[in-house]
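Visitor: Below is a structure I'd like to ask you about.
The values are calculated or read from the model by the stated rules, or taken from the named source; none is laboratory data. Computed from a predicted model, the values in this text were never measured in an experiment. FYI the Cβ positions are ideal-geometry reconstructions off the backbone, even for glycines, and counts take in every protein chain you see. Ligands, DNA and RNA are excluded from the accessible area calculation, which covers all protein heavy atoms including side chains. Shrake-Rupley method; radii C 1.70, N 1.55, O 1.52, S 1.80 Å.
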Amino acid sequence: MPILRAVDKVPGGLMIIPLLLGVLFNTFVPEALEIGGFTQALFKDGAMAVIGLFLVCMGAQLPLKAAAPVAEKGFAILIGKLLAAVAVGLLTGFVMPGGTLWTLTPLAIVAAMSNSNTGLYAALTQEFGNKTDRGAVAVISLNDGPFLTLVVLGAAGMANIPLLSFVAVLAPIIIGFVLGNLDPEMRSFLKKGERLLIPFFAFPLGASISLPDVVEAGPPGILLGLFTVAFSGGGAVLLLWLVHVVRRRPKTRRNVISGAAESSTAGAAVATPAVVAAADPAYEALKDVATVQVAGSVVTTAVLTPIVTVLIHRWQTKRGVDPYQEYDDPALNGSSTDDAAEELQTS
């Protein structure tokens, strides 16, 4: 029976299905996960240890440098998405009554809106983008995990995160980053863990949540997904378009498909509330609801982001914008993912 294939057919399934299974176990047979030994250590209490290992694997995939056009595009959509997340998160925390927006907290908003599904991004830019669109994944992978959420909440004074706790959260990412850049074979070795470990921290995260929590957080989770597509995706598209304008590129070369493809929430973002709560215990009470809301955004954006990307592609085509003609240098255009990867490695 092709279990993995069936799981992959569900948007964000590798994260969402184990998470929901954990919720069901914790709701109906919680004692089954509290028998001690390896069973409890892995399936009930093991989320933070597995997330730590996941961060090492993720950090190893971050390259030390990228080609200039790739960096320009990547940072434009990365910053545009982040600014939108910061704006909505801070407005919610400081302006809305009680610091929430329809039960959405700044923790859930920033965690969902600042992260992006790099796998989905790669798939969409492979079909609709050029080499620089695909290569930008090297830069936008910086928003994977809890790093940017910790920075935003801490800088805004919305989280009291001691320096040592911040270092403790970042250390696994830094260790992975150093290992991956010192040894390409180590990067390749650790890359497998990015996908392998997801269900093993998703299940224990779910095992700390009850089904009533899921039902209560459902509509806000969908709303959070809509915010992510509309505002953070819109922010990425807008800033990339402004870069084209500042660079005085002809209108037919103002390709923004990568901004649309960046309008999702990463499956790994589901772990961010737990990481933030580990750094600042004041968020412990919000962790479970925020986790479910972010999971709702993962599923919602997995459905909507491809639709938005197709619409942007059609809009560009009608206006004569062809991603494969964006640059004078043919080496920066084209449709081969392998060529794009080779270009990054040799630049």
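Visitor: Report, by residue number, each residue of the range 27-45 that is under 26 Å from the mean Cα position of the chain (by Cα) and crowded, with 18+ Cβ neighbours inside 10 Å.
Guide: Phe43, Lys44
Visitor: Kindly indicate the residue of the range 205-223 that is over 22 Å from the mean Cα position of the chain (by Cα) and open to solvent by 70 Å² or more (accessible area, probe 1.4 Å) and also modelled with the lowest pLDDT among those meeting that condition.
Guide: Filtering first and then ranking leaves Glu216.
Visitor: With respect to Ala67, is the statement that it is open to solvent by 10 Å² or more (accessible area, probe 1.4 Å) and at pLDDT below 80 true?
Guide: It is true that Ala67 is open to solvent by 10 Å² or more (accessible area, probe 1.4 Å) and at pLDDT below 80.
Visitor: May I ask you to list the residues in the range 81-137 that are among the aliphatic types (A, V, I, L, M), open to solvent by less than 20 Å² (accessible area, probe 1.4 Å) and in a helix (DSSP H, G or I)?
Guide: Ala84, Ala85, Leu107, Ala108, Ile109, Val110, Ala111, Ala112, Met113, Leu124
Visitor: Filter the range 18-54 for residues that are of a type in the set (Val, Ile, Thr) and out of contact with any Ser or Thr (no Cβ under 9 Å at 6 or more places or on another chain) and give the result.
Guide: Across the range 18-54, the qualifying residues are Val29, Ile35, Thr39, Val50, Ile51.
Visitor: Would you point out which residue out of Lys131, Lys81, Lys73 is basic (Lys, Arg) and closer than 24 Å to Val299 by Cα?
Guide: Lys81
Visitor: I need a count of the residues in the range 1-26 that are touching a residue at least 60 places away in the same chain (Cβ under 8 Å), open to solvent by 60 Å² or more (accessible area, probe 1.4 Å) and not aliphatic (A, V, I, L, M).
Guide: Selection size over the range 1-26: 1.
Visitor: Hey, another quick one. Looking only at residues that are within 30 Å of Leu311 (Cβ to Cβ) and among the small types (Gly, Ala, Ser) in the range 128-178, which one is modelled with the highest pLDDT?
Guide: Gly129
Visitor: Mind listing whichever residues of the range 252-286 are assigned to a helix (DSSP H, G or I), of a type outside the set (A, V, I, L, M, F, W, C) and either in contact (Cβ under 8 Å) with a residue 40 or more places away in the chain or buried (at least 21 other Cβ atoms within 10 Å of the Cβ) (or both)?
Guide: Those that are assigned to a helix (DSSP H, G or I), of a type outside the set (A, V, I, L, M, F, W, C) and either in contact (Cβ under 8 Å) with a residue 40 or more places away in the chain or buried (at least 21 other Cβ atoms within 10 Å of the Cβ) (or both): Thr252, Arg253, Ser258, Gly259, Gly267, Thr272, Pro273, Tyr283.
Visitor: Of all the residues that make up the range 224-251, how many are open to solvent by 10 Å² or more (accessible area, probe 1.4 Å) and assigned to a helix (DSSP H, G or I)?
Guide: 16
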